[in-house]
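The values are calculated or read from the model by the stated rules, or taken from the named source; none is laboratory data. For clarity, every value in this text was computed on a predicted model and none was experimentally measured. Backbone-built Cβ (ideal geometry, glycine too); neighbour counts: all protein chains shown.
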Amino acid sequence: MKILKELTVIIAILFMANAVKEAAKLPIPSAVLGMLFLLLCLLFGIVKLKAIEKISGFLLNNITILFVPGGVGLITSIGLVKDQWFQMLLVAILATIIGISVTGLTVQFMQRVKKRRLNNDIS
C-alpha cells in the first residue's frame, strides 16, 4: 500500500507538470518539467524523500524498461533516420562524453563543498 501512495505522489507531480506545460505552451517535455517540480518539492520540503523512497528505488532499478518505447519508435522510423545515422551516432557519443564529464565535475565540486563544511564545523 505504501508503494501505491508513493507512486501516486510521483504521478500527481507528472500530471501537474503536464497541465503546466499545456497551459503555458512550454516546449519542454512533461517528464523533464515533472522532474524539476519533484526536485523543487524535495528541496522545499513539500515532499519528503521518505515519501517516494521505495518507488524511486524500484524505478531506478528498472529504468532500462523505460527505454523500450523509444527504441521501438526508432525502429519503426528507421526509414527517416537511415541517411543520418552517422550524425546521430556522433551526437550520442558527444552527449555521453559531456554527460559523464559534467557528472564527474559536479561530484568533485560537491565533495569539495562537503569537505569545506566538515572543516568549518571542526574548527
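Evaluating Phe15 against the criteria (1) surrounded by fewer than 17 Cβ atoms within 10 Å (Cβ to Cβ); (2) of a type outside the set (Asp, Glu); (3) at pLDDT below 95 leaves one unmet condition, (3). Taking the conditions exactly as written (loosely packed, with under 12 Cβ neighbours inside 10 Å and either in a loop (DSSP other than H, G, I, E, B) or touching a strand residue (DSSP E or B) at 6+ places or on another chain (Cβ under 9 Å) (or both)), does Pro27 satisfy them or not? For Pro27, the condition - loosely packed, with under 12 Cβ neighbours inside 10 Å and either in a loop (DSSP other than H, G, I, E, B) or touching a strand residue (DSSP E or B) at 6+ places or on another chain (Cβ under 9 Å) (or both) - is met.
Please verify whether the stretch 60-78 includes one or more residues that are on the phi > 0 side of the Ramachandran plot and exposed (fewer than 14 other Cβ atoms within 10 Å of the Cβ). Break it down into steps so the answer makes sense when it comes.
Of the residues in the stretch 60-78, the ones on the phi > 0 side of the Ramachandran plot are none.
Within the stretch 60-78 (the criterion being on the phi > 0 side of the Ramachandran plot and exposed (fewer than 14 other Cβ atoms within 10 Å of the Cβ)), the answer is no, since none of the residues qualifies.
Does at least one position in the stretch 83-95 carry a residue that is surrounded by fewer than 13 Cβ atoms within 10 Å (Cβ to Cβ), within 18 Å of the chain's Cα centre (by Cα) and modelled with pLDDT of 95 or more? Yes, the conditions are met somewhere in the stretch 83-95.
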